[in-house]
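Novice: Take a look at this one; I'll ask things after.
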Amino acid sequence: MNNNEELRKIPRTDDLLLAAEGSALLRELPRALVAEALREETDRIRREIMQGERGSAPLLSEIIRKAEDALRGRPAVSLRRVVNATGVILHTNLGRAVLPEGAVRHLAEIAGSYSNLEYNLDEGTRGSRHDHAAALLCRLTGAEDAMLVNNNAAAVLLTLAALSAGRETILSRGELIEIGGAFRIPDIMECSGAILREVGTTNRTRISDYEKALGENTGLLMKVHPSNYRITGFTEEASLEEVAALAHANGLPMVYDMGSGLLTELRECGINEPDIRHALRQGADLVLCSGDKLLGGAQAGIVTGRRDLIEKLKIHPLARAFRVDRLTIAATEATLYEYLDADRAFQEVPVLRMIAADEAELRQRAEALCASLKAGLESVQRTGQDAPAMTFAVEPVSDKVGGGAAPETVLPGWAVTVRGGDAAEIERKLRLHEIPIIARVAEDRVWLSVRTLQEKDEDVIVKALSQA
Ligand SMILES: *Cc1c(COP(=O)(O)O)cnc(C)c1O
């Protein structure tokens, strides 16, 4: 068979790499990936010749070009930017908070240089990584001291281990919460070595329930904010002030797991969530919260409150396991900086900006996006190509804060909806676009909520939909 002769003509990978076009590719892309793509292409040609689907081997340059196309269409890394068109601001699956621009710049500078992470510049001696964000946190919350760990789950675990291991932590049955991702208070408690002493019932817990549970072996009184659910109806709850007063009267510390860390008031936006300063003033000795929920910064656990207690946390062995790197500190400190001026925070912190976005302005943005989409589709039609059969409209939507914060709050927003054929198919194409666009399908159409879109996202959407 002259099949064999044709098969022998398929160039070897090494020869392809030595060819001018091959070496040009190597200057740009890792050798291992280029070689792999070339091998995949020659394997395919070999199969096609053997199965009689192809008569002869293509030109060398043709093989390299095909391999290059395949390589360029493949994402270089796994973690990629996506467009969040869901209208859920703190979407845990999509990375929660988008950082303020100032934080992104600071993060990049610290990432690419040495820093005074554990170096005291005034004295020329060893310093502590805990000092960096602490100054701003104390200033913004009125706390005596502060500390960062990797996330709030770590903050809760470390606090329980350092303050209540082998001793009882008193907590209401109405606050035995589960946050997504296997964070369950009873499990964390067990992990820490603290002994959970549940009091009250699911819907009603009084201060007298805590009082009756006090004993020789009590280590801590705790309250946990039921972030992602609400108990309504026939309910009663001992307030933070009452629990703190009871703890102090008995020489015990009181800790509040606040969940979503808030540094400003959001009541004007219809969001009724506790803030750190307030909780400390009500008597919590430590307040624990996340850095990447309503606070709008990087993933971190923020501990604020009494210096002597935070000192105990710092010297616990788990503190080393939970310690934050310089990137987290850089992003957190630069985010906190925006809060020095409340108006500035609402402009600079994307989470706050998205929450406070004016409904009329959202509608205008949806109309502008809709117009760009229509124009994009028309320009495809003018080139005579097969334009996708789609129609666009502007419709009201209910956006959400997400991230287990303000679960009942609906933020009235606006979306561009896309109809045409199979909505699930449009959604899939958007999701598989080179910059993936995450959108919702409901009522036979795709919903692109503008609240969570960033300025740079609009062109991505127009491009993706005119190619769909
Ligand atoms: C979200 C949350 C946590 C976990 O915080 P992470 O920063 O995600 O680890 C713990 N407790 C409460 C009450 C929460 O809402």
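The values are calculated or read from the model by the stated rules, or taken from the named source; none is laboratory data. Source: prediction; values computed, not measured. All Cβ positions, even for glycine, are placed from backbone atoms using ideal geometry, and neighbour counts span all protein chains on display. Ligands, DNA and RNA are excluded from the accessible area calculation, which covers all protein heavy atoms including side chains. Shrake-Rupley method; radii C 1.70, N 1.55, O 1.52, S 1.80 Å.
Novice: Find which of 263, 383, 283 sits farthest along the positive direction of the dipole of the chain, computed with +1 on the beta-carbon of Lys and Arg, -1 on that of Asp and Glu, about the Cα centre.
Specialist: 383
Novice: What is the Cα convex hull volume of segment 1-160 when expressed per residue in Å³?
Specialist: Numbers: hull volume 39.7 nm³, N = 160.
Hull volume over Cα atoms, normalised by residue count, gives 248 Å³.
Novice: Another question about this same structure. How large is the charge dipole for the chain, taken about the Cα centre, if only the Cβ atoms of Lys, Arg (+1) and Asp, Glu (-1) carry charge, to the nearest 20 debye?
Specialist: Working: 57 positive and 70 negative charges, 175 e Å.
Its charge dipole is roughly 840 debye.
Novice: What is the magnitude of the charge dipole of segment 114-179 about its Cα centre, with +1 placed on the Cβ of each Lys and Arg, -1 on the Cβ of each Asp and Glu, and no other charges, expressed in debye to the nearest 20? Could you put the intermediate results ahead of the total?
Specialist: On the way: 5 positive and 9 negative charges, 28 e Å.
The dipole of segment 114-179 has a size of about 140 debye.
Novice: Under unit Cβ charges (Lys, Arg +1; Asp, Glu -1), what dipole magnitude, rounded to 20 debye, does segment 1-119 have relative to its Cα centre? Intermediate results must be reported in sequence, preceding the final value.
Specialist: On the way: 18 positive and 18 negative charges, 48 e Å.
Result for segment 1-119 is approximately 220 debye, rounded to the nearest 20.
Novice: Excluding ligands and nucleic acids, what accessible area in Å² is computed for residue 452 using a 1.4 Å probe, to the nearest 10?
Specialist: Per-residue accessible area (residue 452): approximately 10 Å².
Novice: Also: Distance from the Cα centre of segment 400-468 to that of segment 97-147, in angstrom?
Specialist: 36 Å
Novice: Still on this structure, I have one more. Which value in Å does the Kirkwood hydrodynamic radius of segment 368-468 take, with 1/r averaged over all unlike C-alpha pairs and then inverted?
Specialist: Numbers: mean 1/r = 0.0703 Å⁻¹.
Over segment 368-468, the inverse of the mean reciprocal pair distance is 14.2 Å.
Novice: Now for a different question. Quick check: the distance between the Cα centres of segment 149-172 and segment 200-219, to the nearest angstrom?
Specialist: 18 Å
Novice: Considering the options 98, 52, 143, tell which one lies farthest towards the positive end of the dipole of segment 20-165, charges being +1 on Lys and Arg and -1 on Asp and Glu at the Cβ, about the Cα centre.
Specialist: 52
Novice: Can you tell me how segment 43-112 classifies by the Cα gyration tensor, rounded, prolate or oblate, using a/c under 1.5 as the rounded cut? Don't skip to the answer; put the middle values down first.
Specialist: Numbers: a/c = 5.27, a/b = 2.60, b/c = 2.03.
Judged from the Cα gyration tensor, segment 43-112 comes out prolate (a/c at least 1.5, a/b above b/c).
Novice: Give me the mean projected area, in nm² to one decimal, of the convex hull enclosing the Cα positions of segment 240-365.
Specialist: Taking the Cα atoms of segment 240-365, their convex hull projects to 9.3 nm² on average.
Novice: Okay, next question. Just to be sure I understand: of the beta bridges DSSP finds with both ends in the chain, what percent are antiparallel, rounded to 5?
Specialist: Values: 32 of 54 bridges.
Of the beta bridges lying entirely in the chain, close to 60 percent run antiparallel.
Novice: What figure, in Å² to the nearest 10, do you get for the accessible area of residue 449 with a 1.4 Å probe and non-protein molecules left out?
Specialist: Accessible surface of residue 449 is approximately 10 Å².
Novice: Going by alpha carbons, how many degrees (0 to 90, nearest 10) lie between the helix axis of 131-141 and the longest principal axis of the chain?
Specialist: 60 degrees
Novice: Heavy-atom accessible area of residue 119 with all protein chains present, probe 1.4 Å, nearest 10 Å²?
Specialist: Near enough 110 Å² of accessible area.
Novice: Suppose a student asked you for the relative contact order of the chain, using Cα pairs under 8 Å spaced at least 6 residues apart; what percent would you report?
Specialist: Values: 836 pairs, mean separation 86.0, N = 468.
Computed over the chain, the figure is 18 percent.
Novice: Looking at segment 116-238, what % of its DSSP beta bridges pair antiparallel, to the nearest 5? Write down the numbers at each step before the final one.
Specialist: On the way: 5 of 14 bridges.
Of those bridges, close to 35 percent are antiparallel.
Novice: For segment 122-166, treating each Cα as an identical point scatterer without solvent, what Debye log10 I(q)/I(0) comes out at q = 0.16, 0.22, 0.23, 0.27 1/Å?
Specialist: Normalising to I(0) and taking log10 leaves -0.58, -0.88, -0.92, -1.00.
Novice: Let me ask another. Is the C-alpha gyration tensor of segment 168-265 telling us rounded, prolate or oblate? Criteria: a/c under 1.5 is rounded; beyond that, a/b larger than b/c is prolate, otherwise oblate.
Specialist: On the way: a/c = 1.38, a/b = 1.20, b/c = 1.15.
Rounded is the answer for segment 168-265, as its axis ratio a/c remains below 1.5.
Novice: Using only alpha-carbon positions, what ratio does the radius of gyration of segment 338-421 give when scaled by 2.2 N^0.38 Å?
Specialist: Numbers: Rg = 17.3 Å, N = 84, 2.2 N^0.38 = 11.8 Å.
For segment 338-421, the normalised Cα radius of gyration is 1.46.
Novice: Still on this structure: Taking the C-alpha atoms of the chain, how large are the radius of gyration and the largest Cα-Cα span, Dmax, in Å?
Specialist: My reading of the Cα-based Rg and Dmax gives 28.3, 96 Å.
Novice: If you fit an axis through the alpha-carbon atoms of helix 31-50 and take the longest principal axis of the Cα set of the chain, what angle between them do you get, 0 to 90°, nearest 10?
Specialist: It is inclined by approximately 50 degrees.
Novice: Next up: Around residue 194, which amide H atoms from residues at least 5 apart in sequence, or from another chain, sit under 5 Å from its own amide H, with H modelled in the peptide plane?
Specialist: Those qualifying (amide H under 5 Å, at least 5 residues apart or on another chain) are 166.
Novice: In addition: Hey, if you drop one equal point scatterer on each alpha-carbon of segment 94-222 and run the Debye formula without solvent, what base-10 log of I(q)/I(0) do you get at q = 0.21 Å⁻¹?
Specialist: So the normalised log intensities are -1.24.
Novice: What percent antiparallel are the DSSP beta bridges of segment 203-308, to the nearest 5? Don't skip to the end; give the middle numbers.
Specialist: On the way: 5 of 15 bridges.
Percent antiparallel among DSSP bridges in segment 203-308 is about 35.
Novice: At 7 Å along Cα-to-Cβ for each site, give me the label-to-label distance between residue 15 and residue 361 in nm.
Specialist: Result for the modelled spin labels: 6.3 nm.
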